[in-house]
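Student: Let me give you the structure first, and then I'll get to my questions.
Where a number appears in this text, it was derived from the coordinates with a stated rule and is not lab data. The model shown is predicted, which means the values in this text are computed figures rather than measured ones. Reconstructed Cβ throughout: ideal geometry from the backbone, glycine too, with neighbour counts over all protein chains shown.
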Amino acid sequence: MKFYSTNNQSHSVSLRDAVVKGLAPDQGLYMPERIPRLPDTFFEHFSEMSFQEIGIEVIGAIFSDDLSTDQIRDLVAHTLQFDAPLVEVEDDLFSLELFHGPTLAFKDFGARFCSKLMSLLLDGQEVKVLVATSGDTGSAVANGFFGVEGVEVVILYPSGKVSELQEKQFTTLGGNITALEVDGVFDDCQRMVKEAFLDKELQQQMVLTSANSINIARWIPQCLYYFYAVSRLPKNGKKTVFSVPSGNFGNLAAGILAQRMGLPIDRFVAATNSNNVVPDYLEGTPFSARPSIQTISNSMDVGNPSNFYRLLALYDGDEALLKANVKGFYCSDKATQAAMIAVKAANGYIMDPHGAVAFLGLKDFMAAYPEEYTGVFLETAHPGKFRKVVEETFGEPFELPARLEAFLKGEKKASALPNDYAAFKTFLVSKT
Ligand SMILES: *Cc1c(COP(=O)(O)O)cnc(C)c1O
């Protein structure tokens, strides 16, 4: 299978190049040249298959030209080490809990797949993964790549600007994970990483790659839990709608990929906080990026969603079809907190602020079509990851799960780095 750039259909590359490069040279996003449709027999039987068995079929359909059956098995086994349970919160309304992985957020699925796929494609060649993070990406990538042979991960983060829990999730592992604490802000970290990718002299000495969220190796595996969820929903003859809490729109794009592969999903809700560029677009405003606005669902504070052109590409550029399939929704922080309180009071279910945005989008959609749909909202992180907001919302202490507590007990190991590219380069060369 070849992968083309959303900016130029005739520019296509191998799987290896798409994964190692991440972004196309023309700044486009890579897309599979063909979206395979799974056979009817798969959909007739998938409710009896395990998550991993489903994963092998789906990943096999996309990657079987490039990977052996054993490699596909290994890749799926490495990725799907934890469950993604459906919890019925109200009649016909389910939470798909995607936070049972090592860093308690859905990004674990993509990060684990990405690390394993890179090590398979590189086949012993050593590579350095450079990541600039403002918090969540660093933890998912560090944990996803921890212990993967041949891969050195270097994480740059702004000193004093990430939460203690986030910092502990990527500074306590050691091994092949190095954390550099930069005397600067996130944009400085990002700038140094970009400069390294443009540095020809450095590229001659080492293979550098990124594991950011637009990489197909992080994007594609996110379709797996949509297949799994649909396979486990009650068979009540109703149509299915998924509500996806969105920032960069990779997660929603992966749901649409599943739909294009034949999964019976009738509609999607693109749910955002006040960063509502895409909901506005779906209502008829021309698409244009805006500065991001800070909210309590901060992992979705994105003003220029990088996967937007993937949404279009999945419907072959047909904007009317995209708008017919995806309904936009957005809400304020106040409404988000009110939903968290109401659901806890009515059903004892605690949503994190991101999941709560999607819950509201789902309620809004289902109210317009009474009795027609079974609805699923994606619960993308454990509420404990946003303890401060959760405690403020409920006005009471919230106990962290043991897995998060365990991170806090680890010892931070990070090297201080001045806000200076030359120092970063010296560091990278010294590690070779
Ligand atoms: C990254 C993230 C999102 C947004 O996902 P996108 O794929 O960027 O739309 C939503 N919720 C949480 C908790 C996240 O970490």
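Student: What share of the DSSP beta bridges in the chain is antiparallel, in percent to the nearest 5?
Tutor: Working: 12 of 49 bridges.
Expressed as a percentage, antiparallel bridges in the chain total about 25.
Student: While we're here: Which helices, counted as full DSSP H runs in the chain, have an axial Cα extent of no less than 18 Å and a Kyte-Doolittle average of 0.5 or above? Please list the in-between numbers first.
Tutor: Values: long enough: 107-122 (22 Å, 0.57); 186-198 (19 Å, -0.20); 333-347 (21 Å, 0.16); 353-368 (23 Å, 0.84).
What comes out of the filter, once short or polar helices are dropped, is 107-122, 353-368.
Student: Suppose R0 equals 30 Å; then what is the FRET efficiency for ASP91 and ASP40 from their Cβ-Cβ distance, rounded to the nearest 0.05?
Tutor: Details: r = 30 Å, r/R0 = 0.99.
So the FRET efficiency works out to roughly 0.50.
Student: Related question: Can you compute the modelled spin-label distance between ALA422 and GLU33, with each label point 7 Å from Cα toward Cβ, in nm?
Tutor: 4.7
Student: Moving to a separate point now. For LYS412 paired with ASP83, estimate the spin-label separation in nm (one decimal), with each label point 7 Å from Cα along the Cα-to-Cβ line.
Tutor: That separation, rounded to one decimal, is 3.6 nm.
Student: Turning to a different aspect of this structure: Based on the mean of other Cβ atoms within 10 Å per residue, sort peptides 218-228, 158-168, 382-392, 396-406 so the most packed one is first.
Tutor: Working: 218-228: 25.1, 158-168: 17.5, 382-392: 19.8, 396-406: 12.2.
Those peptides, ordered most packed to least, come out 218-228, 382-392, 158-168, 396-406.
Student: Let me ask something else about it. Sum -39500 (n - 2.57) across every DSSP H segment of at least 4 residues in the chain, then divide by the residue count to get the 222 nm mean residue ellipticity, nearest 500.
Tutor: Values: 20 runs with 191 residues, N = 432.
Theoretical 222 nm ellipticity from helices: -13000 deg cm²/dmol.
Student: Tell me the Kirkwood radius of the range 295-381: reciprocal of the mean inverse pair distance over distinct alpha-carbon atoms, in Å. Walk me through the numbers before you get to the answer.
Tutor: Numbers: mean 1/r = 0.0684 Å⁻¹.
Mean inverse Cα-Cα distance, inverted, gives 14.6 Å.
Student: May I pose another question? At each listed q (0.12, 0.13 Å⁻¹), what is the log10 of I(q)/I(0) that the Debye formula gives for the range 145-290 modelled as equal alpha-carbon point scatterers?
Tutor: Cα-only, vacuum Debye calculation for the range 145-290: -0.77, -0.87.
Student: Give me the compactness ratio for the range 189-251, meaning the Cα radius of gyration over 2.2 N^0.38 Å. Before the final figure, lay out each step's value.
Tutor: Working: Rg = 19.2 Å, N = 63, 2.2 N^0.38 = 10.6 Å.
Expressed relative to 2.2 N^0.38 Å, the Cα Rg reads 1.81.
Student: I'd like to know how the range 217-349 sits against the 2.2 N^0.38 Å rule of thumb: what's its Cα Rg over that expected value?
Tutor: Values: Rg = 15.3 Å, N = 133, 2.2 N^0.38 = 14.1 Å.
In units of the 2.2 N^0.38 Å rule of thumb, it is 1.09.
Student: Sticking with this one: May I ask for the Kirkwood hydrodynamic radius of the range 83-133, worked out over all distinct Cα pairs and given in angstroms to one decimal?
Tutor: Details: mean 1/r = 0.0742 Å⁻¹.
One over the average 1/r among Cα pairs gives 13.5 Å for the range 83-133.
Student: Dividing the convex hull volume of the Cα atoms of the chain by its residue count, what figure in Å³ per residue is obtained?
Tutor: Working: hull volume 59.5 nm³, N = 432.
It comes to 138 Å³ per residue, whole-number rounded.
Student: Roughly how many whole Å is it from the C-alpha centroid of the range 358-432 to that of the range 229-263?
Tutor: 22
Student: Hey, another quick one. Can you give the Rg/Rh ratio of the range 61-106, where Rg is from the C-alpha atoms and Rh is the Kirkwood radius?
Tutor: The Rg/Rh ratio comes out at 1.16.
Student: At q = 0.19, 0.20, 0.25, 0.31 Å⁻¹, what is the log10 ratio I(q)/I(0) for the range 323-369, with the Debye formula run over Cα points and no solvent?
Tutor: -0.60, -0.65, -0.91, -1.17
Student: How much net charge surrounds GLU88 when only the other residues with a Cβ under 12 Å from the Cβ of GLU88 are counted, with Lys and Arg +1 and Asp and Glu -1? Working shown, then result.
Tutor: Details: positive: ARG232; negative: GLU90, ASP91, ASP92, GLU97.
That works out to -3.
Student: Can you give me the convex hull volume of the Cα atoms of the range 303-350, divided per residue and expressed in Å³? Walk me through the numbers before you get to the answer.
Tutor: Details: hull volume 5.9 nm³, N = 48.
In the range 303-350, the Cα convex hull volume per residue is 123 Å³.
Student: What is the ratio of the Cα radius of gyration of the range 1-63 to 2.2 N^0.38 Å, with N the residue count, to two decimals?
Tutor: On the way: Rg = 14.8 Å, N = 63, 2.2 N^0.38 = 10.6 Å.
For the range 1-63, the normalised Cα radius of gyration is 1.39.
Student: Here is a follow-up. What Kirkwood Rh does the range 272-426 have if only Cα atoms enter the pairwise 1/r average? Answer in Å.
Tutor: Details: mean 1/r = 0.0545 Å⁻¹.
Here the Kirkwood hydrodynamic radius works out to 18.3 Å.
Student: Report the Stokes-Einstein translational diffusion coefficient (µm² s⁻¹, integer) for the range 1-116, Rh taken as the Kirkwood radius over Cα pairs, at 20 °C with viscosity 1.002 mPa s.
Tutor: Values: Rh = 16.2 Å.
Translational diffusion coefficient: 132 µm²/s.
Student: Let me ask something else about it. Dimensions of the range 375-432 along principal axes (Cα, Å, largest first)?
Tutor: 49, 32, 20
Student: Using alpha carbon centroids, what distance separates the range 264-304 and the range 5-48, in Å?
Tutor: Here the two parts' Cα centres lie 24 Å apart.
Student: Taking a threshold of 30 Å on the Cα-Cα distance, which of the pairs LYS107/LYS412; LYS388/LYS413; LYS388/LYS412; LYS2/LYS128; LYS194/LYS323; LYS238/LYS388 fall above it? Don't skip to the end; give the middle numbers.
Tutor: On the way: LYS107/LYS412 22 Å; LYS388/LYS413 25 Å; LYS388/LYS412 22 Å; LYS2/LYS128 24 Å; LYS194/LYS323 34 Å; LYS238/LYS388 38 Å.
LYS194/LYS323; LYS238/LYS388, as the Cα separations exceed 30 Å there.
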